[in-house]
1. Determine the sum of side-chain charges near LEU190: Lys and Arg each +1, Asp and Glu each -1, restricted to other residues whose C-beta is under 12 angstrom from that of LEU190.
2. In a Debye calculation with equal point scatterers on the alpha-carbon sites of the stretch 132-261 and no solvent, what is log10 I(q)/I(0) at q = 0.14, 0.16, 0.18, 0.21 Å⁻¹?
3. Mark the label point 7 Å from the Cα of GLU205 along Cα→Cβ and return the residues of the stretch 94-128 whose backbone N is within less than 14 Å of it.
4. Which one, GLY106, GLY164, GLY211, has the greatest fluctuation when you compute a Gaussian network model over the chain with C-alpha springs under 10 angstrom?
5. Can you give me the pair-distance distribution of the stretch 127-192, C-alpha pairs, 10 Å bins, whole percents?
6. First measure r as the distance between the Cβ atoms of PHE114 and LEU15, then evaluate 1/(1 + (r/R0)^6) with R0 = 45 Å and state the FRET efficiency to the nearest 0.05.
7. Along the positive direction of the dipole of the chain (beta-carbon charges: Lys, Arg +1; Asp, Glu -1; about the Cα centre), which of GLY81, LEU178, SER23 reaches farthest?
8. Please give the per residue accessible area of the chain, computed with a probe of 1.4 Å over protein heavy atoms only, in Å².
Amino acid sequence: GQISNLLLVLVVGVLLLRRLLTSIHTQRQMALDVKQAQEVQQMILPEAHTALPGMIIESEYRPAREVGGDFFQVIPNEVDGSLLIVAGDVVGKGLQAGMLVALLVGAIRTAASFNTDPRTVLEQLNLRLLGRNNAQATCLALRIGADGAVTLANAGHMAPYLNGEMMPMEGALPLGMLPGAEFSVTRFRLKESDKLVLLSDGVVEAMDAEGHLFGFERVRELLHSTRSATEVASAAQSFGQEDDISVISVTRVASMEAMLA
């Protein structure tokens, strides 16, 4: 009986050890997957500071987790001097959201290589997400011409701020919800020294320990004080980050000033 009990203990011990080693291997593999996803996201993010003829672009990205669900691309057109910016926020978090971000960034690049019209870009992204399980994203696409003319198409994303004031925009469905969805389109012109700022909802939805939201009024005050994209992101993050934070600002300047920036 003692021998049987001893053998039973040994067998149980071996099984527990095997389970522990399997669990450790799985955790290491998951950590490696997360690290690789982080590296991919860092590779596909644009430069934090870019100067183009007539424009200065700043961006800041602060994921709430190891892998974020916000995405944005800044694509200049060397032929006509225009600039395409696409920014958005996918539904969900973690690795699944990170994979969807990688898919959308690739789709943005592909769509922009054929046509930089913002509405067309959103239509192409919408087609990419349709039929994928709960693959949805808010998104905003805008094209700024060399003369400052802006065409902006929106798919349920936060409206941008122009010189510290939120722009009025019609509502629209996010990407991936309906085939042939209509996206709101706005046209305006950026004058010299105008500043356009795109935000993700992680900025206004930052929350302090007492449950107070960072809110639209604080964003407005920050932008009126001509803060940089980094300062806006840092203010929301230190207030109490709940979701991914991304801030992109575009300032129209004289061509020489952009070259010196």
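The values are calculated or read from the model by the stated rules, or taken from the named source; none is laboratory data. No experiment lies behind these values; they were computed from the predicted model shown. Here the Cβ is made from the backbone with ideal geometry for all residues, glycine too, and neighbour counts use every protein chain on show. Heads up: the accessible areas ignore ligands, DNA and RNA and are worked out on the full protein's heavy atoms, side chains in. Shrake-Rupley method; radii C 1.70, N 1.55, O 1.52, S 1.80 Å.
1. +3
2. Scattering profile of the stretch 132-261, log10 relative to I(0): -0.70, -0.89, -1.05, -1.25.
3. Those under the cut-off are 94.
4. Result for the chain, Cα springs under 10 Å: GLY211 fluctuates most.
5. The distribution over the stretch 127-192 is 21, 45, 25, 9, 0, given as percents.
6. FRET efficiency, PHE114 to LEU15: 0.20.
7. Of the candidates, SER23 comes out farthest on the positive side.
8. Ligands and nucleic acids excluded, the figure is 54 Å² per residue.
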